[in-house]
Amino acid sequence: MPEKIYRGNENDRLVDVEFSVQDGKARLAALREDMSPGIDDFSPRILKKISEEIADPVTLLFKRSMKEGNVPLDWKTANITPVFKTGSRSCPENY
């Protein structure tokens, strides 16, 4: 069961946000193929290629999540790897 993330006043919830299948297709089609896969291990390249087929179910998931005020745990999980830029490796600002 997804965790309820909204803990504020019910009157202040985002209830008028609209997600259309066309929006979903456009967002999926705009994914950068050079990015790393997420926690789900789906490559953006694959998601982009199957965007026509998955746009409708993904849109339904987003609509349901907004309606219920719940977000699946997987949507809040990420693999983050610090990338060294320059300077001292012991300085956090250099990542």
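The values are calculated or read from the model by the stated rules, or taken from the named source; none is laboratory data. The shown structure was predicted, so the numbers you read here are calculated from the model rather than taken from an experiment. Positions of Cβ are generated from backbone atoms using ideal geometry, with glycine treated the same way; all protein chains shown enter the neighbour counts.
Only a single criterion out of (1) surrounded by fewer than 11 Cβ atoms within 10 Å (Cβ to Cβ); (2) touching a Ser or Thr at 6+ places or on another chain (Cβ under 9 Å); (3) in a helix (DSSP H, G or I) is not satisfied by D23, namely (1). Residues in segment 59-95 that are at pLDDT below 90, surrounded by 13 or more Cβ atoms within 10 Å (Cβ to Cβ) and β-branched (V, I, T): V71 alone. Scanning segment 23-35 for residues that are under 13 Å from the mean Cα position of the chain (by Cα) and not hydrophobic (A, V, I, L, M, F, W, C) yields G24, R27. Selection of first residues in segment 65-90 that are within 25 Å of D41 (Cβ to Cβ) and of second residues that are basic (K, R), restricted to Cβ pairs under 6 Å at least 6 apart or on distinct chains, gives the following pairs, ordered by first then second residue: N70/K4.
If you go through segment 37-51 one residue at a time, do you hit one that is under 30 Å from N11 (Cβ atoms) and free of Cβ contacts under 8 Å to residues at least 24 places away in the same chain? No: zero hits.
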